[in-house]
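What follows draws every value from the coordinates through simple rules; no lab data is involved. This is a predicted model, so every value here is computed, not measured. Please note: Cβ atoms are built from the backbone with ideal geometry, for glycine as well, and neighbour counts cover all protein chains shown.
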Amino acid sequence: MVWVILDMNRKKMNRKKIIAGNWKMNKVIEESLSFINELKEAVRGINDNIEIVVSPPFTALSVINDAIKGSNILLAGQDVFWEDKGAYTGEISPMMLKDVGCKYTIIGHSERRQYCNETNETVNKKIKALLRNDLSVIICVGETIEEREDKRTFSVVGRQIRDGLKGLTQKDMEKVVIAYEPVWAIGTGKTATPSQANEMHLFIRDTIKEMFEDKIASSITIQYGGSVTPLNITELMLESEIDGALVGGASLDAGSFVQIIRGAV
Ligand code: 13P
């Protein structure tokens, strides 16, 4: 038993922790800048194998990229289009995200699945577009409350993983992060319990093990998202398979985002 726990801790220590703030459709440029200036000061010196990521709306990416120069904060886009360039009015390409300094892009968020016709197939195309442009991806998966009550959680999340990652190579997987975000926990104040989340993270890791090498499954970062706050982050992070968080509402206030980061290190 002791050895099993030691082995789990060792594996977990080898994985990169990531705390990311998904701002969704919030903050104009001035608000974004005052947030980032406060965050920069507060997280100076924090490293401890933890990546701090913010995902502002497209309109603020460029100024935030300038503002975070020399800091330990990384930038993420909230979506991308799957083509590299061309006549796609209103869309943003992977190259454009790279140009404004994004390291990551969030793909397949449940709000995009719900409001913008995102499917596992478009998720897959977007992931491939990002990877061929040398960008990293945070892929969101998660079930609705109806799917959970129907006992379809594993099949829905399994399908999202298998279809989303279809055709990726072992090498591609080095640039992939998964965020498990049960839809019923997003913006509701109803967090999955640490053991409910851990069970799903384990299932996601097992699914990845079936698709790729064991090494990929044990080294991939899997974040939890859904009503994460300074009050619940530490108990979530104590779970063996939870490597970070994708935070919505509580990431909009620099003070609470910093508390979440500190609670995760
Ligand atoms: P909340 O933290 O507001 O529940 O949102 C989670 C989320 O959707 C992050 O992508």
Original post:
Which listed residue (Thr59, Ile92, Cys102) has the Cα farthest towards the positive end of the charge dipole for segment 1-130, taking +1 on Lys and Arg C-beta and -1 on Asp and Glu C-beta about the Cα centre?
Top reply: Cys102
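Assuming a strict under-22 Å limit between Cα atoms, what lysine pair count do you get for segment 154-265 once near-sequence pairs (fewer than 8 apart, same chain) are dropped?
7
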Original post:
If you take the square roots of the eigenvalues of the alpha-carbon gyration tensor of segment 1-153 and sort them as a ≥ b ≥ c, do you get rounded (a/c under 1.5), prolate (a/b over b/c) or oblate?
Top reply: oblate
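Please sort 25-34, 91-100, 244-253 by packing, taking for each peptide the average over its residues of neighbouring beta carbons within 10 angstrom, highest first.
244-253, 91-100, 25-34
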Original post:
When you count, for each residue, the other Cβ atoms within 10 Å and take the mean per peptide, how do 37-47, 230-240 rank with the highest first?
Top reply: 230-240, 37-47
Subject >> Isotropic mean projected area of the C-alpha convex hull, segment 138-222 (nm²) >> reply: 5.4 nm²
**OP:** Round to the nearest 0.05 the FRET efficiency obtained for Glu121 and Glu38 when R0 = 35 Å and r is the Cβ-Cβ distance.
**Re:** 0.30
Subject >> Low-density loop positions, trypsin sites (Lys or Arg not before Pro), segment 167-223 - DSSP coil, at most 15 other Cβ in 10 Å >> reply: Lys171, Lys190
**OP:** Starting from the Cα-Cα distance between Glu146 and Tyr88, subtract it from 0.36 nm times their residue separation and give me the gain in nm to one decimal.
**Re:** 17.4 nm
Original post:
Going by the alpha-carbon gyration tensor, a ≥ b ≥ c the square roots of its eigenvalues, is the chain rounded (a/c under 1.5) or, if a/c is not under 1.5, prolate (a/b greater than b/c) versus oblate?
Top reply: rounded
Subject >> Under-24-angstrom lysine pairs by C-alpha in segment 1-122, whenever the two are 8 or more apart or on separate chains >> reply: 25
